[in-house]
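Please read the structure below before turning to the comments.
The values are calculated or read from the model by the stated rules, or taken from the named source; none is laboratory data. Just so you know, these numbers come straight off a predicted model, no measurement behind them. Note that each Cβ is placed from the backbone with ideal geometry, even for glycine, and that neighbours are counted across all protein chains shown.
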Amino acid sequence: MNLPNYQEAKTRDERSYKRVNFEFDTKIKNKYKGKKFYLKTYGCQMNEHDSENIEALLCNLGFSKVDDYNDADLVLLNTCSIRENAHNKAFGMLGRIKHLKSEKKDLIVGLCGCMAQEASVVDEIMRDYKFVNFVFGTHNMYQLPNILDKAIKENRQEIEVFSREGDLVEGLPVVRANKYKAYVNIIYGCNKFCTYCIVPYTRGKERSRLKEDILKEVDELIQDGYKEITLLGQNVNAYGKDLYDDYTLGNLLEDIAKKDIPRIRFMTSHPWDFTDSMIEVLGKYPNIMPSVHLPVQSGSNRILKLMGRRYTKESYLELFNKIKKTVPNVAISTDIIVGFPGETEEDFQETLDLVETCKYDNAFTFIFSKREGTPACKLKDDVSLEEKEERLQRLNEVVNKYFLENNKKLEGKEVLVLVEGVSEKKKMYFGYSDTNKLINFSSNRDLEVGSIVKVKITSAKTWSLDGEEVE
Ligand code: 5AD
Ligand code: SF4
């Protein structure tokens, strides 16, 4: 048994880690043939991509996937810790599974992902959720087959969580959820330690993959017919810093952009690490999509400082304007937290003012959620939940206004759309534009999913646009 510990999790030192190639334990290959699994994923794209690896590991064990947990022999929850509601959802699901397990004694239940890295969660599982058969963390996902096998063989709760990042494992099998759009991890972990955020504890220190490994994966995806690649990391702009003296995200994007891949995206960017040379690369290559996610979190310098964000409103705006100026037609999206401890009405007004200035194309807005073990958890918080909810609502009204305003500017214009699906009823298609906007459109032809077509926008809504294909 290995239990998580935050003291260890927050250590950042020069300790080196090995790069190892994953090999599936042949003794247990297909051992569970005929058994079915249900995998539920909470949280960000990182977790979604981890689940693509988890699915492949389970398939290698012989399991096949089902969409209803009532039909499953194994239920696995890939969890998220970012806010309390993600936490509560996973525990709610565990409650439902407990019920199922009382009727289905052989059901195997597992929990993994970010919540598994939290000592308090693991304590609770050991104390109150004894029916959970196994738990593993974000740093040892590759051990899933053996942990699961051991939990079944020895018929006891198996908890294997490493507090600190271990080896960087290459070559994990993957079952991708989409045939045309693929996620590619480029960097794991985060060293920023924003005071509200649990990620640096649950995902460990920043570790970049070797550029050769990333480029090889991209080449394979191109060969397999993928049209869009999203480079993933908690802070992709820190790519390479731990590995190279002079190879950054800009260089990586440039190397990928020279390949025969129509669409490249990347997320998430921390404003602190965004360099001029990266911005230039974004402006230079048409296959790097003009869409940047640039979380601001707050428009008040006082709150930004308390959040440990390492920039001011002014330096953020300077960066924002540079990106807007250099990258033609760029759409910038953001994340904003309201109700950070001590946020006053004036601080909040500054956030609203910033949104009025930036007129974001998209924004994810949240109420501050206390995460145990983070510095912000200890700050005095005298703003009531009611007040925070009201601020969120006011903020959403402003951001929504600009979503619509930006979308309206596209009316009458032509945009390129990667076709993702068709609704059979009315021969309507949907897909995303280069700026990552959802487009619903009609066509006179039979379009193939995965093709990129030109669509003329006929009308704009807040969260989507309607259009018709032009040939
Ligand atoms: N409370 C609310 N929102 C949070 N985020 C991260 N931690 C918290 C928290 N404790 C938000 C940030 C981040 C996004 C992924 O989630 O806005 O950019
Ligand atoms: Fe969390 Fe800040 Fe790291 Fe983003 S940059 S994952 S908000 S600590």
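For the reader, a short list of remarks on this structure follows.
Yes/no matrix, rows are residues, columns are (1) within 16 Å of ligand 2 (Cβ to nearest atom); (2) farther than 30 Å from Ser451 by Cβ:
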{"residue": "Leu168", "(1), (2)": "no, yes"}
{"residue": "Asn178", "(1), (2)": "no, no"}
{"residue": "Lys192", "(1), (2)": "yes, yes"}
{"residue": "Glu212", "(1), (2)": "no, yes"}
{"residue": "Glu220", "(1), (2)": "no, no"}
{"residue": "Lys227", "(1), (2)": "no, no"}
{"residue": "Leu232", "(1), (2)": "yes, no"}
{"residue": "Leu243", "(1), (2)": "no, yes"}
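- Looking only at residues in the stretch 381-408 that are basic (Lys, Arg) and in contact (Cβ under 8 Å) with a residue 12 or more places away in the chain, the one that is nearest to Arg371 (Cα to Cα) is Lys388.
- Failed condition for Tyr201, given (1) away from ligand 1 (no atom under 16 Å from the Cβ); (2) at pLDDT below 95; (3) not β-branched (Val, Ile, Thr): (1)
- In the set (1) farther than 28 Å from Pro145 by Cβ; (2) more than 15 Å from ligand 1 (Cβ to nearest atom); (3) β-branched (Val, Ile, Thr), the condition left unmet by Val236 is number (2).
- Strands (runs of 3 or more DSSP E) contained entirely in the stretch 1-101, each with at least 2 residues that are in contact (Cβ under 8 Å) with a residue 60 or more places away in the chain: 19-21
- Within the stretch 180-190, the set of residues being within 16 Å of ligand 2 (Cβ to nearest atom) and outside any strand (DSSP E or B) comprises Ile186, Gly189, Cys190.
- Yes/no for Val174 being closer than 23 Å to Val20 by Cα and assigned to a loop (DSSP other than H, G, I, E, B): yes
- Any chance Gly421 is touching a strand residue (DSSP E or B) at 6+ places or on another chain (Cβ under 6 Å) and closer than 27 Å to Arg263 by Cα: yes
- For the condition out of contact with any Cys (no Cβ under 7 Å at 6 or more places or on another chain) and at pLDDT below 95, Asp71 does not qualify.
- Filtering the stretch 184-229 to residues that are aromatic (Phe, Trp, Tyr) and closer than 18 Å to Tyr142 by Cα leaves only Tyr188.
- A Cβ distance below 8 Å, combined with a sequence gap of six or more or placement on separate chains, defines the contacts here; from the stretch 412-424, residues that are among the hydroxyl-bearing types (Ser, Thr, Tyr) reach residues that are surrounded by fewer than 18 Cβ atoms within 10 Å (Cβ to Cβ) and assigned to a strand (DSSP E or B) in the pairs Ser423/Phe430.
- Flag if Ser451 is touching a residue at least 24 places away in the same chain (Cβ under 8 Å), surrounded by fewer than 17 Cβ atoms within 10 Å (Cβ to Cβ) and farther than 28 Å from Ile303 by Cα: yes
- Those residues of the stretch 369-408 which are of a type in the set (D, E, K, R) and within 16 Å of ligand 2 (Cβ to nearest atom), in sequence order: Lys370, Arg371, Glu372
- Of the residues Tyr226, Tyr188, the single one that is within 30 Å of Glu372 (Cβ to Cβ), among the aromatic types (Phe, Trp, Tyr) and either crowded, with 17+ Cβ neighbours inside 10 Å or touching a residue at least 60 places away in the same chain (Cβ under 8 Å) (or both) is Tyr188.
- Residue tally, condition within 16 Å of ligand 2 (Cβ to nearest atom) and closer than 15 Å to Met289 by Cβ, over the stretch 325-340: 1
- Flag if Phe348 is within 16 Å of ligand 1 (Cβ to nearest atom), farther than 17 Å from Trp463 by Cβ and under 26 Å from the mean Cα position of the chain (by Cα): no
- The stretch 112-169 - residue that is over 18 Å from Thr41 (Cβ atoms) and among the aromatic types (Phe, Trp, Tyr) and, of those, surrounded by the most Cβ atoms within 10 Å (Cβ to Cβ): Phe162
A quick yes/no check of all residues on (1) within 30 Å of Leu306 (Cβ to Cβ); (2) at pLDDT below 95:
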{"position": "Ala376", "(1), (2)": "yes, no"}
{"position": "Asn396", "(1), (2)": "yes, no"}
{"position": "Gly412", "(1), (2)": "no, no"}
{"position": "Val417", "(1), (2)": "no, no"}
{"position": "Ser423", "(1), (2)": "no, yes"}
{"position": "Tyr432", "(1), (2)": "no, no"}
{"position": "Asn444", "(1), (2)": "no, yes"}
{"position": "Val455", "(1), (2)": "no, no"}
{"position": "Leu465", "(1), (2)": "no, no"}
